[in-house]
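Undergrad: Here it is, the structure in full.
The values are calculated or read from the model by the stated rules, or taken from the named source; none is laboratory data. Quantities reported herein were computed from a predicted structural model and do not represent experimental measurements. Every residue, glycine as well, gets a Cβ built from its backbone with ideal geometry; the counts of neighbours run over all protein chains shown.
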Amino acid sequence: MAALAAPASAHAHFLLEYTTDTMIDRPGDVPVKLVFWHPFENGHVMDLEMPEEFFMVHNGKRTDLRDTLEPIRFMGSQNEAAAFKGSVPVKRSGDYVIVTVPAPYYEEAEDIYIQQITKAFLNRNQLPTDWAEPVGLPVEILPLNKPYNIITGSTFTGQVVANGAPVPGAEIEIEYMAAEPDMQSSAASDPVVSPMPGGAVVAISDANGYFSFGVPKAGYWGFAALGAGPVTTHDGKELSQDAVIWIRAWDME
Ligand SMILES: [Cu+2]
């Protein structure tokens, strides 16, 4: 379980489930881009295969959205790679938890596989329905603050759980989405801030799997609990089965 055994690389990989907004005013299909990238520095983009699962949870009900996925290209500042565009049908009021279970990705530099099981959240009409409930993934981060409504300068607390049990001592990489995918083109926006001089921003979960982070800036923040999942090998190699969660912070105005 202890993720600290494996040395982390200087930069943090993150699977994005990107939508331009999290609060959805009008009912309709919300476009989402799945990109495996380094969004803090607009760095290297990894090729994403067709995910094993892509679904939403609304009012406790799971809806498979894999059929909405189309392959696209995504261009970072260093390279271009395979990504996907899908859509989330948002009709009634409430929360829509977007979940991606990607296929394990082979990372040549570290000779390991990486699988980032990822959650992001949309909401319509401010009605909270699903955000606090576990999805029941092999590994996931449970938010203890409403994830689409974090005030800049306040804190976000999450709990890392694997098969429903807390994961103590998990290494959690924290990433600001400094550059964002453009929905109309394959490009990304220019990063609005630079990565930190000390490399990846990291927190460690406590004895009950909890971690907290003071959120200094409005926008999207990602948290990745590295190697916290129950599956540790794939194709005869080490697998880092990570739980990723995306939250959205807002300035008070
Ligand atoms: Cu990386």
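Undergrad: Quickly run through segment 1-38 and pick out the residues that are modelled with pLDDT under 95 and in contact with a strand residue (DSSP E or B) (Cβ under 6 Å, 6 or more places away or on another chain).
TA: Ala3, Leu4, Ala12 - these are the residues of segment 1-38 that are modelled with pLDDT under 95 and in contact with a strand residue (DSSP E or B) (Cβ under 6 Å, 6 or more places away or on another chain).
Undergrad: Output the number of the condition that Thr118 fails; it satisfies all remaining conditions of (1) within 16 Å of the ligand (Cβ to nearest atom); (2) more than 20 Å from Glu17 (Cα to Cα); (3) touching a residue at least 12 places away in the same chain (Cβ under 8 Å).
TA: It is condition (2) that Thr118 fails.
Undergrad: Here is a follow-up. So how many residues does segment 106-121 have that are over 13 Å from the mean Cα position of the chain (by Cα), assigned to a strand (DSSP E or B) and among the hydrophobic types (A, V, I, L, M, F, W, C)?
TA: Number of matching residues: 2.
Residues are listed down the side, and each one gets a yes or a no for (1) at pLDDT 95 or above; (2) in contact with a Ser or Thr (Cβ under 9 Å, 6 or more places away or on another chain):
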{"position": "Gly43", "(1), (2)": "no, yes"}
{"position": "Met50", "(1), (2)": "yes, no"}
{"position": "Thr68", "(1), (2)": "yes, yes"}
{"position": "Ala83", "(1), (2)": "yes, yes"}
{"position": "Val90", "(1), (2)": "yes, no"}
{"position": "Val101", "(1), (2)": "yes, yes"}
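Undergrad: For segment 6-80, which strands (runs of 3 or more DSSP E) that fit wholly inside it have 3 or more residues that are over 20 Å from Tyr113 (Cα atoms)?
TA: Counting at least 3 such residues, we get 28-37, 53-58, 61-64, 70-75.
Undergrad: Condition check: within 16 Å of the ligand (Cβ to nearest atom) and buried (at least 16 other Cβ atoms within 10 Å of the Cβ). Does Val30 satisfy that?
TA: Answer is no for this residue.
Undergrad: Looking only at residues in segment 155-207 that are polar (S, T, N, Q) and touching a strand residue (DSSP E or B) at 6+ places or on another chain (Cβ under 7 Å), which one is surrounded by the most Cβ atoms within 10 Å (Cβ to Cβ)?
TA: Ser205
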